[in-house]
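The values are calculated or read from the model by the stated rules, or taken from the named source; none is laboratory data. From a predicted model like this one, the values you see are computed outputs, not experimental measurements. Glycine also receives a Cβ, built like all others from the backbone with ideal geometry; neighbour counts cover every protein chain displayed.
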Amino acid sequence: MDSIVGKSSALTWAVNISVVLLVLLWTIPTFGLLVSSVRDKDQLVSSGWWTSFSKVERNLIKRSAPASEQSKVDDLYVLTGNVFGDKKGVVTAFGWRSQDPMAFIPGDSVPLRKGKMLQINADGSYLLTSPIPFTSKRGSRLFVTSIEEPIFTLNNYSEVLFAEGLGKSFLNTMTVTIPATIIPILIAAFAAYALAWMEFPGRAIFLAMVVGLLVVPLQMSLIPLLKLYTDVGIGKSYLGIWLAHTGFGLPLAIYLLRNYIAGLPREIIESARVDGANEFMIFVKIILPLTFPALASFAIFQFLWVWNDLLIATVFLGNNEEQLVMTGRLRELLGSRGGNWEILTASAFVSIFVPLMVFFSLQKYLVRGLLSGSVKGG
Amino acid sequence: MANLKLINAGKMYGNVPVLTDINLEIKKGELIVFVGPSGCGKSTLLRMIAGLEKITSGGLEIDGELMNDVPPAKRGIAMVFQSYALYPHLTVRDNMSFALKIAKVAKDEIKTIVEEAAESLQLTPYLDRLPKALSGGQRQRVAIGRAIVRNPKIYLFDEPLSNLDAALRVATRIEIAQLKEKMPESTMIYVTHDQVEAMTLATRIVVLNNRGIEQVGTPLELYEKPLNKFVATFIGSPAMNILPAKVVATGAVTSLTLANGAVAEVPINTADQYLDNDFSIGARPEDMLLTQSDEYLFKGNVSYIEALGEITLLYFNREEGAPVIVKIPGIAHFERDQELKFTVDPKKLQMFDALDISCKYHD
Ligand SMILES: Nc1ncnc2c1ncn2[C@@H]1O[C@H](COP(=O)(O)OP(=O)(O)OP(=O)(O)O)[C@@H](O)[C@H]1O
Ligand SMILES: [Mg+2]
């Protein structure tokens, strides 16, 4: 007996730990994306997001003031300034050769070639002296290692939303996604009720056909459909893509919802029938509220699928500002701004934000037990 | 006047007949109980009356009107399901108002009707709860309340108490009896498996078996005067003992010999042609009387004893057929394998012919 109890609790631990690990595994990249997207773009390229909360140590290459700014003090020619310019920073080491950029500690006065001396203080101010005049027009190179405060900013977001055109694409995606989620659900709910609870000839065959449609690859129908749209005059338009998504989503929606609705207790429906409700009232007042968990699940699936879709949008919508959806825009950004991580991370986060919200707002409807209390044992 | 009338009503599922030629008249204000073995079609018959199941042959009249094609809501019936069938997403109040709202009754009126019904069913404190926050008994009362508010001509109950525990079942049974008393005008049809419910509630019991009605009568009629062996064994618990017997003398008093050699003289008239026929006689467990004399009707060794306190049941296994059961009032001290002899008052004996028809009450 004891061993069984012990075993099961060890098992529970194993389960809990693996769940925690899995959750971490799945959320850490998202979190990293979020952190990266609000970092300063200079910091972003120099260190990973996991270091972003501590002060950053950076190796900078600066130049001293040009020769034109030299002044003569006593016998020496002098150049002064601050390696940080107007900004603030702390120098932890400096050097003057690229082979050894961290050779000296701040405050030291070190000899360079030809009797020159260099001193860089912790606050970044430097003093460069020489017995002969400086000639370099660009100033000489100074290597400093500095500590910087982490910088968080929403500039990346404002840039992608307003300057890079992601804002407009965001609206376009919304325009596609919301109707393309609601329309199939509405149609499928009606169809599912009919297929589950209404007697009509050919019901079984109809259902079999719907299930059969699940195996048809949608890629196969893209070109014929687009041709049809062009012939009918819909062309590349939002109406076209709504219809396309509706069509592609319906078989699964009908199938899922029918199974759920068919599982509702028969007595509840008969009871409503005896109470005088017609089919439409039964559907609206009894079936729909009870089917909410299934509707919500399907809504999440369909929403995510449409939101993340690139293929269908590429086929059925144009590439112009008015119709370019977010996935399309992201693809373009990847091409044109592939090196700008701050742009890509912010864009990525903009594109996953809405699906996340949809999921969190609907997930409470995914709980089971909505039927409890209706029939025996419930 | 008949409130409800079934005329040769029948039901086929595809090619399978489930009920055939049901003829039944139910008068206004009766409480009719359908009993029968599982699967005999009680629920089906009830659902045919409710309009949830199509009547495939014959007809159903309510108040003289043919109802075959009238939708359930227009038949003036209300149904209480075994599984309650409450609307889980609606409060008790909304559950009870549902039908009235659909019938477009005025709001104030709905409120009065619902609150009145809730009051009479002691549901007032629960009106704003969801069904899941109610106990089984309360749920069943809501289901009954939902029927009451519609003020139907006919109430249909399909095993309404079978999900409740024993104590609650008794309490709710009494509530239903009281409800019926308060509404002498309304007719009720009640399906049950429970003998006690059937015997206590019914004005008349309909025994269904084998696709049809075996017998219709008041509870005591069925108990005392079963028309055939099926009703004789179905009504009463434990069931009536059936002993095979051969007719040896006919006339005003029929003599039969039993398998064990005993002779029974039954005061029932039989025609000469039945001589030598294989009949059977029936004796209720409580009519079996202990005897010491050699003029016994049944002799056997006790194979099992059930002492229930108020009664003691003795079981006697037989080579074939169900064991013979004897019911003795009070606590009786017997032992296993003890040999006992019993007689039965001949007037209380039932006699069934080779076709299982009662010779006593069937003409
Ligand atoms: N949809 C159906 N198709 C075919 N046969 C059916 C169907 N529904 C019920 N039956 C059959 O009809 C017969 C009567 O069923 P019904 O439910 O009326 O029995 P019942 O007397 O209510 O039984 P119980 O006491 O177990 O509730 C059963 O033998 C059943 O198998
Ligand atoms: Mg039944």
Read through the list (1) in a strand (DSSP E or B); (2) in contact with a Ser or Thr (Cβ under 7 Å, 6 or more places away or on another chain); (3) near ligand 1 (Cβ under 10 Å from one of its atoms), then give the number of the only condition that B:F34 fails. (2)
Here is a check on your reading of the model: is B:Y155 surrounded by 17 or more Cβ atoms within 10 Å (Cβ to Cβ), away from ligand 2 (no atom under 16 Å from the Cβ) and among the aromatic types (F, W, Y)? yes
Starting from residues that are part of a loop (DSSP other than H, G, I, E, B) and among the aliphatic types (A, V, I, L, M), keep the ones in segment A:247-281 and report whichever is nearest to the other protein chains (Cβ to nearest Cβ). A:A277
Any helices (runs of 4 or more DSSP H) falling wholly within segment A:295-367 and containing at least 1 residues that are among the basic types (K, R): A:326-336
B:G29 passes all but one of (1) outside any helix (DSSP H, G or I); (2) more than 16 Å from ligand 2 (Cβ to nearest atom); (3) buried (at least 16 other Cβ atoms within 10 Å of the Cβ); which number fails? (3)
So for segment A:255-272 (the condition being among the acidic types (D, E) and under 29 Å from A:T173 (Cα atoms)), does at least one residue qualify? no
Could you pull out the residue among B:R146, B:R129, B:R169, B:R150 that is touching a Leu at 6+ places or on another chain (Cβ under 6 Å), in the same structural domain as B:G29 (by TED's automatic domain parsing) and more than 16 Å from ligand 2 (Cβ to nearest atom)? B:R169
Top-ranked residue in segment A:48-103 [being of a type in the set (S, T, Y) and in contact with a Pro (Cβ under 8 Å, 6 or more places away or on another chain); ranked as farthest from A:S146 (Cα to Cα)]: A:Y77
Condition first: polar (S, T, N, Q), farther than 16 Å from B:E175 by Cα and either within 12 Å of chain A (Cβ to nearest Cβ) or in contact with a helix residue (DSSP H, G or I) (Cβ under 9 Å, 6 or more places away or on another chain) (or both). Can you find one or more residues in segment B:94-117 that meet it? yes
Matching option when the condition is touching a helix residue (DSSP H, G or I) at 6+ places or on another chain (Cβ under 7 Å), within 15 Å of A:L186 (Cα to Cα) and of a type in the set (G, A, S), among A:A294, A:A277, A:A272, A:A313: A:A294
Among the residues of segment B:3-26, which ones are in a strand (DSSP E or B), without any contact (Cβ under 8 Å) to a residue 60 or more places away in the chain and away from ligand 2 (no atom under 16 Å from the Cβ)? B:K5, B:L6, B:I7, B:N8, B:A9, B:G10, B:M12, B:V16, B:E25
Those residues that are surrounded by fewer than 17 Cβ atoms within 10 Å (Cβ to Cβ) and aliphatic (A, V, I, L, M), I need them from segment A:91-105; list them, please. A:M102, A:A103, A:I105
Output the residues belonging to segment B:49-67 that are within 13 Å of another protein chain (Cβ to nearest Cβ) and not β-branched (V, I, T). B:A50, B:G51, B:L52, B:E53, B:K54
